[in-house]
Amino acid sequence: MKSKQEELKKLIREIPDFPKKGILFYDITTLLQNGRAFRAAVDLLFEHYDREGKSFDKVASMESRGFIFGAMLAYKFGAGFVPIRKPGKLPAKAFSQEFEKEYGVDSFEVHKDAINKGEKVLVCDDLLATGGTAVAAAKLIERMNGKVEGLAFVIELSFLKGREKLKGYDVFSLLKYEK
């Protein structure tokens with residue numbers, strides 16, 4: 001009998017040389033198109049933390065595919081949702097944080113009033129690659145005196161060793177790719 005994770009992995013489309021030559025892109029849109037699989041992925045992420053008795057005040061997710069899972073998890077936890085956006089997309093005062101990705105440098109912003117001191121935050125994204133985006137998100141939350149209680153990912157590309165940059169954090173990945 002195959003695990004739910006193995007079944008979900010079959011729905012991830014691999015696209016070579018996207019967004020540039022030498023990158024193998026793991027496309028979650030094929031998983032999202034399957035209602036049962038999408039629901040299973042969200043439920044498995046939720047159940048991981050629910051089994052541990054965890055609760056969160058906020059779920060923060062990075063633009064744009066992280067929003068899909070983060071908003072669903074915020075709903076399931078009865079928590080607020082905090083969008084972490086690319087520069088210039090938030091209308092109020094924001095904190096900014098630069099980070100390196102596997103194919104360049106970028107930055108994120110979050111509203112200064114999005115997280116209150118001491119709030120427990122789950123960071124959720126679709127993909128853990130080099131860890132740059134997750135570290136930037138965690139730094140933003142910590143600058144606002146929030147507590148990063150977990151980092152959840154649908155996919156982890158273990159061979160890029162992003163988890164190593166997240167030492168000291170509780171990291172959970174639903175689907176892992178070794179190469």
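Every read-out reported here was derived from the displayed coordinates using simple, explicitly stated rules and does not represent laboratory data. Every value quoted in this text rests on a predicted model; they were computed, and no experiment measured them. Note that each Cβ is placed from the backbone with ideal geometry, even for glycine, and that neighbours are counted across all protein chains shown.
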Placing one equal point scatterer on each C-alpha of the range 1-146 and summing with Debye, one gets log10 I(q)/I(0) at q = 0.12, 0.13, 0.14 Å⁻¹ equal to -0.54, -0.63, -0.73
Treating only Lys and Arg (+1) and Asp and Glu (-1) as charged, each at its beta carbon, one finds that the range 53-177 has a dipole about its Cα centre, in Debye to the nearest 20, of 200
Subtracting the Cα-Cα distance of E52 and N34 from 0.36 nm times their residue separation yields 3.7 nm
Label model pair E142, F159: point-to-point distance (7 angstrom along the Cα→beta-carbon line) in nm is 3.0
Cross-link reach from K9 to lysines, straight Cα distance under 27 Å and at least 8 residues apart if same chain, gives K20, K21, K54, K76, K101, K161, K165, K167, K176, K179
Once the in-chain neighbours fewer than 8 apart are removed, the lysines whose Cα is under 24 Å from K93 read K58, K112, K117, K120, K139, K147
Taking 115-122, 68-75, 164-171 and ranking on average Cβ neighbours within 10 Å, highest first, one gets 68-75, 115-122, 164-171
As a percent rounded to 5, the proportion of antiparallel DSSP bridges among beta bridges in the range 53-177 is 30
In whole percent, the Cα-Cα distances of the range 5-74 spread across 5 Å bins from 0 upward as 3, 14, 20, 23, 18, 13, 5, 3, 0
Percent relative contact order for the range 53-177, counting Cα pairs under 8 Å at least six residues apart, stands at 23
When the charge dipole of the range 1-137 is computed with +1 on Lys and Arg Cβ and -1 on Asp and Glu Cβ about the Cα centre, the Cα farthest towards its positive end, among L45, L128, S107, belongs to L45
Computed over the range 1-122, the relative contact order (Cα-Cα under 8 Å, seq sep at least six) in percent reads 18
